[in-house]
Amino acid sequence: MLTRRSFLRNVAAGLAGSVVLRGLGLRQAQDCAGAAGGGGAGKRPNFLFILGDDVTYSDLGCYGGKAVATPNIDKLAANGMKFTRAYCASSMCAPFRAELYTGLYPVRNGVAYNHSLARSGTKSVVHHLREMGYRVGLAGKKHASPAATFPFDAVKGALAEATAEYVARDADQPFCLFVCSHNAHPAWRGGDVSKIDRDGMKLPPVIHDNSITRKTFAAYLAEVGALDVEVGDVLKALDDAGQADNTLVMFSSEQGWDFAFGKWTVWDVGVHTALLARWPGRIKAGSRAAAMVQMADVTPTLIDAAGGDPGACKLDGSSFLPVLLGKADKHRKYVYGLHNNVPEGEPYPIRSIRDERFHYIRNLTPDATYHEKHLMTEGLAKRYDLQWWQALKDAAEAGDPKAKRLFDKYHHRPAEELYLVDEDPWEQTNLAGDPKYAADKNRLRAELEKWMARQKDSGVAMDTKEAYAANKAAGRKKSK
């Protein structure tokens, strides 16, 4: 059996002694877009990427959700391709977006914590596509710093109006526009809750069922509905501009909900994202992809679709354009997950890896008690979006067996977890101690160690207040 000490020793062997992010010494190639030769002959496609905020993929109708209507998102899925195994490396806003925009994993791009800064000199999709003649803009929530790494054209206004304005700026220049909603980020006050059947909806097994939680969950779902309205308005703006036929549209729900077992974790609810793609005449309508993809793969896919050479970029992600075009049905063998709890709570580093069957999670400090300040701010029950947590805690302390099980699982985690995700999507049965799956667990553990070594991920040493402060200080100094 691999002890925590031996695991960390094995990882450390590949690290060259690095602890603080600014000392990693990993450089990114600077000439990848230049290899494209301007994207090749013919009219190059436009790109429109629509991003939700803290929305669990399975709450959308096209992914089986029944509690809230999402007709516009469902129509997008029906007119394009639905990915069933799309993942982010880190279920936090800033790391998710940095991975999406840079094509690099969190340790390598520098944004391995929430509210942290990309490493100086890191390129993003903005640089790559601009070098190929694209204009690259962002409307809505940015949450990506510093500006030198993420120099998007700022597009102001409501999302649909911003889309219409940016698309019309220059008819002769191809565009890439990221449209980023604030729905459904807490405190869940923006949707029409009258459309949600609060009493009749079925809560997932990782959510404790009580009247307070039903009220809060309904408010979250109402904002999922508001996101769907925004998606419809944005797509209508694209259509009204006459650009729909030459635009590759993608949609992601971002990381999972801001309830327990979703955001701030590497459990499947947190890192599994919706991913839809529509490209008239290129992507088969109503198609479904079981290929595993990661958010780091989006930027190289856009470079590839524009006629560039993403392989020259030295990114962590790789293009899944062949999957989009129906030329391949597989992409990755593994997807990876990372959580550093600082600055959102006390140190609690977690790493994970998933293949087509299993999800393996390594809690690097299992003797510690997990605490995340956004969810677990006891004593603030009057704050609307925290009432559900207080209700869970009260029920657990009163002896409710389900509440106690959920409460304890969130606070106290074993060194290793192993789940058959397709059979157990809510990850209720930990198979890490089952001899039947020992070989699979050992294989995934070894692959996870290799990934950490390649990324120069120092694990426990990375999730400290000192390492986070050094990251912030270096970013502020170099981004002036």
*Yes or no: residue 117 surrounded by 21 or more Cβ atoms within 10 Å (Cβ to Cβ) and out of contact with any Leu (no Cβ under 9 Å at 6 or more places or on another chain)?*
yes
*Of all residues in region 287-304 being of a type in the set (A, V, I, L, M, F, W, C), crowded, with 23+ Cβ neighbours inside 10 Å and in contact with a helix residue (DSSP H, G or I) (Cβ under 6 Å, 6 or more places away or on another chain), which is farthest from residue 103 (Cα to Cα)?*
289
*Pull up region 370-386, narrow it to residues that are under 17 Å from residue 262 (Cα atoms) and out of contact with any Phe, Trp or Tyr (no Cβ under 9 Å at 6 or more places or on another chain), then point me to the one that is modelled with the highest pLDDT.*
373
*Can you find a residue in region 166-178 that is over 23 Å from the mean Cα position of the chain (by Cα) and assigned to a helix (DSSP H, G or I)?*
yes
*asked:* Tally up the residues in region 332-346 that are in a loop (DSSP other than H, G, I, E, B) and closer than 21 Å to residue 270 by Cβ, please.
replied: 8
*Report yes if some residue within region 318-329 is assigned to a loop (DSSP other than H, G, I, E, B), more than 24 Å from the chain's Cα centre (by Cα) and among the basic types (Lys, Arg); otherwise report no.*
yes
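So that you can scan it fast, the table gives a plain yes or no per residue for (1) crowded, with 20+ Cβ neighbours inside 10 Å; (2) of a type in the set (Asp, Glu); (3) touching a strand residue (DSSP E or B) at 6+ places or on another chain (Cβ under 9 Å):
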position: 395; (1), (2), (3): yes, no, no
position: 406; (1), (2), (3): yes, no, no
position: 442; (1), (2), (3): no, no, no
position: 463; (1), (2), (3): yes, yes, yes
*Residues that are touching a strand residue (DSSP E or B) at 6+ places or on another chain (Cβ under 6 Å) and assigned to a helix (DSSP H, G or I), drawn from region 283-304*: 302
_Is it the case, given these coordinates, that residue 70 is in the same structural domain as residue 186 (by TED's automatic domain parsing), surrounded by 23 or more Cβ atoms within 10 Å (Cβ to Cβ) and either over 11 Å from the mean Cα position of the chain (by Cα) or free of Cβ contacts under 8 Å to residues at least 12 places away in the same chain (or both)?_
yes
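Mind listing just one residue for me: the one in region 179-189 that is part of a loop (DSSP other than H, G, I, E, B) and of a type outside the set (D, E, K, R) and, of those, surrounded by the fewest Cβ atoms within 10 Å (Cβ to Cβ)?
187
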_Flag if residue 25 is surrounded by fewer than 19 Cβ atoms within 10 Å (Cβ to Cβ), modelled with pLDDT under 95, of a type outside the set (A, V, I, L, M, F, W, C) and in the same structural domain as residue 265 (by TED's automatic domain parsing)_ = no
*Residues that are among the hydrophobic types (A, V, I, L, M, F, W, C) and over 27 Å from residue 86 (Cβ atoms), drawn from region 389-425*: 389, 391, 392, 395, 396, 398, 403, 407, 415
*Checking residue 360 against (1) of a type in the set (Phe, Trp, Tyr); (2) modelled with pLDDT of 95 or more; (3) out of contact with any strand residue (DSSP E or B) (no Cβ under 7 Å at 6 or more places or on another chain); (4) not in a loop (DSSP other than H, G, I, E, B), which test does it fail?*
(3)
*Criterion (closer than 20 Å to residue 346 by Cβ, touching a helix residue (DSSP H, G or I) at 6+ places or on another chain (Cβ under 7 Å) and assigned by TED's automatic domain parsing to the domain that holds residue 351) met by exactly one of 395, 391, 415*: 415
*When residue 194 is evaluated against the numbered criteria (1) among the polar types (S, T, N, Q); (2) surrounded by fewer than 22 Cβ atoms within 10 Å (Cβ to Cβ); (3) assigned to a loop (DSSP other than H, G, I, E, B), which criterion, by number, is the only one it fails?*
(3)
*Does region 42-50 contain at least one residue that is modelled with pLDDT under 95 and surrounded by fewer than 15 Cβ atoms within 10 Å (Cβ to Cβ)?*
yes
*Identify all residues within region 108-154 that are among the polar types (S, T, N, Q) and either assigned to a loop (DSSP other than H, G, I, E, B) or not assigned by TED's automatic domain parsing to the domain that holds residue 310 (or both); write none if there are none.*
114, 116, 120, 122, 124, 145, 149
*Determine which single condition residue 193 fails, assuming it passes every other condition in (1) aliphatic (A, V, I, L, M); (2) without any contact (Cβ under 8 Å) to a residue 60 or more places away in the chain; (3) under 22 Å from residue 157 (Cβ atoms).*
(3)
*Take residue 100 and decide whether it is in a helix (DSSP H, G or I) and either aromatic (Phe, Trp, Tyr) or more than 20 Å from the chain's Cα centre (by Cα) (or both).*
no
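The values are calculated or read from the model by the stated rules, or taken from the named source; none is laboratory data. Not measured: the values here are computed from a predicted model. Cβ coordinates were reconstructed from backbone atoms using ideal geometry, including for glycine residues, and neighbour counts include every protein chain displayed.
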